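The values are calculated or read from the model by the stated rules, or taken from the named source; none is laboratory data. The shown structure was predicted, so the numbers you read here are calculated from the model rather than taken from an experiment. Note that we place each Cβ from the backbone using ideal geometry, even for glycine, and neighbour counts take in every protein chain shown.
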Amino acid sequence: MSEQQSWHGTTILCVRKNGKVVIAGDGQVSAGPTILKGNARKVRRLGGGDVIVGFAGSTADAFALFERLEQKLERFPSQLARACVELAKDWRTDRALRRLDAMLIVADRKETFLLTGAGDVLDPEHKVVAVGSGGNFALAAARALYTHVDDAEAIAREAMSIAADICVYTNRSLTVETLTE
């Protein structure tokens, strides 16, 4: 695949408000100007359903990271921060994992983290975080809506719709997962 035909397409958004955390992801997968799939599922539950994860990047790489995160969650139950740090350490130091191209947003009922292959485990400053090609659009929309809308899911859905209006690599086929405190 040439550089011009690189894979694009994902918007993942996490909103935490009023005792709820929501991760929403669009379903579009594109190669260059071609939409390959419109209903991909980029948001999943892990840890027996107590953790939500959304990914941007290569699907195969994300699934490899999901498996590793699931192992870390089993090893460190009820310790999301520790599981994420351990995954990030492996991701950065393991020769095979180091090549994985993805970003993850991981949330449980109390905490949210953004994980990258550079070893970053970021605790977002705000109650909203996003990644992917339409991530900045969704982030800006969600932050603007945050003080005016009380429901986390309503914020996420409207922000994702706004991102889909702006980003050609984002569609309206959403997967939305919610946890309540």
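Could you list, in sequence order, the residues of segment 89-120 that are within 27 Å of ARG143 (Cα to Cα), surrounded by 17 or more Cβ atoms within 10 Å (Cβ to Cβ) and at pLDDT below 95? Selection gives ALA102, MET103, LEU104, LEU115, GLY117. On inspection, PHE63 does not qualify as among the aromatic types (Phe, Trp, Tyr) and either within 19 Å of ARG172 (Cα to Cα) or in contact with a Pro (Cβ under 7 Å, 6 or more places away or on another chain) (or both). Of the residues in segment 60-77, not one is out of contact with any His (no Cβ under 9 Å at 6 or more places or on another chain), assigned to a strand (DSSP E or B), surrounded by 19 or more Cβ atoms within 10 Å (Cβ to Cβ) and at pLDDT 90 or above.
Of all the criteria given as (1) closer than 26 Å to LEU87 by Cα; (2) touching a helix residue (DSSP H, G or I) at 6+ places or on another chain (Cβ under 9 Å); (3) touching a residue at least 40 places away in the same chain (Cβ under 8 Å); (4) of a type outside the set (A, V, I, L, M), the one not satisfied by THR170 is (1).
You will find that of ALA141, ALA154, the residue that is free of Cβ contacts under 8 Å to residues at least 40 places away in the same chain, surrounded by 17 or more Cβ atoms within 10 Å (Cβ to Cβ) and of a type outside the set (Lys, Arg) is ALA141 and no other.
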